[in-house]
Amino acid sequence: MIEDEHDDEAIQLANEFDLCILDAEEILERGRKAIERDPDEMLSLEEMRTKFEDE
């Protein structure tokens, strides 16, 4: 039973980690697209993070 609880927790943590990776990939892709559209309007990392969190 304890093993099952640990397995469930490990699976949950792995899923959360996967979601973080997907979020990071989406942020990077948005940044690439923004740079392609207008290289002079690049956002700082903090600006991009704020903009992503607001959406």
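The values are calculated or read from the model by the stated rules, or taken from the named source; none is laboratory data. Computed from a prediction, not measured in an experiment: that's the story for all the values here. Methodologically, a virtual Cβ is constructed for each residue, glycine included, from the backbone with ideal geometry; neighbour enumeration extends over all protein chains shown.
Under 9 Å by Cβ, and 6 or more places apart or on different chains, what pairs join a residue from region 13-33 that is within 17 Å of Thr50 (Cα to Cα) and touching a residue at least 24 places away in the same chain (Cβ under 8 Å) with one that is of a type in the set (Lys, Arg) and part of a helix (DSSP H, G or I)?
Ile27/Arg49
Search region 14-55 for residues being loosely packed, with under 10 Cβ neighbours inside 10 Å and outside any helix (DSSP H, G or I), and hand back the single one that is modelled with the lowest pLDDT.
Glu55
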